[in-house]
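One structure is given here, and the rest of the page talks about it.
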Amino acid sequence: MIFTASMPDLRNKTILILSPQAWGKMFISKHHYSLELAKRGNTVYFLNPPDQRMKNKVGSIEIKPSDVQSRLYHIEHRLFFPYILKFKTLFFFHWLMGFQVKRILTRIGQPIDIVWSFDIGNLYPLDLFSPKSYKIFHPVDEPQSPHSIKAAQGANVILSVTPEILEKYHLFNVPKFSINHGVTEDFLELQQVDYNPNLPLRIGISGNLLRVDIDRETLLHIIDENGDCKFEFWGSYEASQSNVSISDEHETIQFIGQLRNRRNCILHGAVSYVQLAKAIQQMDAFLICYDVKKDHSKGTNYHKVMEYLATGKLIVSNNISTYRDRPDLVQMVLERENNRKLPTLFKQVINAIQKYNSSDRIAKRKSFALENTYERQVDRIEKLIDM
């Protein structure tokens, strides 16, 4: 008889998070879900991707307690076999990974109730874990390869941040639910006050500046065209600062240099989510500027949108399909695949900042974010899966 796991409630369980991004300063959805689950009394293990920078010994496995939340641990490990096998012979790589997973589970030393996978790279196939574990597959980025689709094999349920991503997994006969990105309460702590613009206006931009999908040409155009605004960046601009995907190509290094040489740009670097939550409250507006054709989310949704909405302030962006019918929340260009009109849109709304940051608009944005805290998202997931 084949054992089929039933969904346990999301409290007082042992949960293993599979993440394509390591634990570090920069927190995105995988990290925030881990924090929220640990707050509920679960013991949460956050499994980093294998160490490819050779910081650790070959075959090493180290479990470290989190310094931000009790009952939360992150696992660093280095494979005992060459990582390059993933690109040469995936079947053999996964066969060897089965031994690595067993070693990791032995080190954890207790049964895993829930395996919660954000791993669209299919580093850790869900079939490597016990059928007694309930398996959640949760892609928050656009799957762009066959193995990103195959990564859902073995899941009991599939969650994602957009219907477009869920549709890519239509061949899997398991329940599927759309759950928007979340936001932590840290971003919602400040009470709403009457808006008074800064002089000069402060424009916030958060995220990894080493990403190749930033529309660099358009971003630099906007910065240069708005010399009376101060553009403040939070996120990695050097490889040593980053725990998420990076590029150190010549063009990337050149782009960072161009930003640093602009008198109206400030690069704060990577900061904790608590520091970020406090800092962005002081902004007048936010700018999102990705090239949708290169973007790993394909312009469907971004985690940062919810953090910006939590401040209540104006957001100007490339096209984001999730918010296409919500001009009350995000001001965006209509074109899906180019940002030619984004500089004009930015100038237009910034010149009317008092209108776009009116008390009723600020309240509406904050209210939307409040409905999508990680606490509420986990509550929704628990109810949906229990149906």
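Here are a few things to note about the model shown:
- Residues located in the range 194-251, provided they are under 15 Å from residue 295 (Cα atoms), modelled with pLDDT under 95 and of a type in the set (S, T, N, Q): 208, 245, 247
- For the range 59-105, a tally of residues being surrounded by fewer than 17 Cβ atoms within 10 Å (Cβ to Cβ) and in contact with a Pro (Cβ under 7 Å, 6 or more places away or on another chain) returns 1.
- Set side by side, the residues 178, 148 differ, and just one is among the polar types (S, T, N, Q), touching a helix residue (DSSP H, G or I) at 6+ places or on another chain (Cβ under 6 Å) and in the same structural domain as residue 93 (by TED's automatic domain parsing), which is 178.
- Residues of the range 338-371 satisfying the condition of being closer than 17 Å to residue 36 by Cβ and either free of Cβ contacts under 8 Å to residues at least 24 places away in the same chain or in contact with a strand residue (DSSP E or B) (Cβ under 6 Å, 6 or more places away or on another chain) (or both): 369, 371
- Taken residue by residue, the range 215-228 has at least one member that is among the hydroxyl-bearing types (Ser, Thr, Tyr), in contact (Cβ under 8 Å) with a residue 40 or more places away in the chain, over 30 Å from residue 360 (Cβ atoms) and not in a strand (DSSP E or B).
- Of the numbered criteria (1) closer than 12 Å to residue 23 by Cβ; (2) surrounded by 14 or more Cβ atoms within 10 Å (Cβ to Cβ); (3) at pLDDT below 95, the one residue 56 fails is (1).
- Restricting attention to the range 140-160 and to residues that are modelled with pLDDT of 95 or more and assigned to a loop (DSSP other than H, G, I, E, B), the residue that is surrounded by the most Cβ atoms within 10 Å (Cβ to Cβ) turns out to be 151.
- Residue that is surrounded by the most Cβ atoms within 10 Å (Cβ to Cβ), among those in the range 252-285 that are closer than 24 Å to residue 218 by Cα and of a type in the set (D, E, K, R): 284
- Being over 23 Å from the mean Cα position of the chain (by Cα) and among the aromatic types (Phe, Trp, Tyr) holds for only one residue in 195, 169, and it is 195.
- Per this entry, residue 166 is not counted among residues that are in the same structural domain as residue 39 (by TED's automatic domain parsing), part of a strand (DSSP E or B) and farther than 30 Å from residue 350 by Cα.
- Boolean, residue 340 is among the basic types (Lys, Arg), at pLDDT 95 or above and assigned by TED's automatic domain parsing to the domain that holds residue 209: yes
- Hits in the range 260-290 (condition: of a type in the set (D, E, K, R) and in contact with a strand residue (DSSP E or B) (Cβ under 7 Å, 6 or more places away or on another chain)): 260, 284
- Contact annotation: residue pairs with Cβ atoms under 6 Å, 6 or more positions apart or on different chains, pairing a residue in the range 257-275 that is over 17 Å from residue 238 (Cβ atoms) and among the basic types (Lys, Arg) with a partner that is at pLDDT 95 or above and outside any loop (DSSP other than H, G, I, E, B), are 262/223.
- Residue in the range 274-281 that is part of a loop (DSSP other than H, G, I, E, B) and on the phi < 0 side of the Ramachandran plot present: no
The values are calculated or read from the model by the stated rules, or taken from the named source; none is laboratory data. Bear in mind the structure is a predicted one, so any value in this text is a computation, not a measurement. We place every Cβ from the backbone using ideal geometry, glycine too, and count neighbours over all the protein chains shown.
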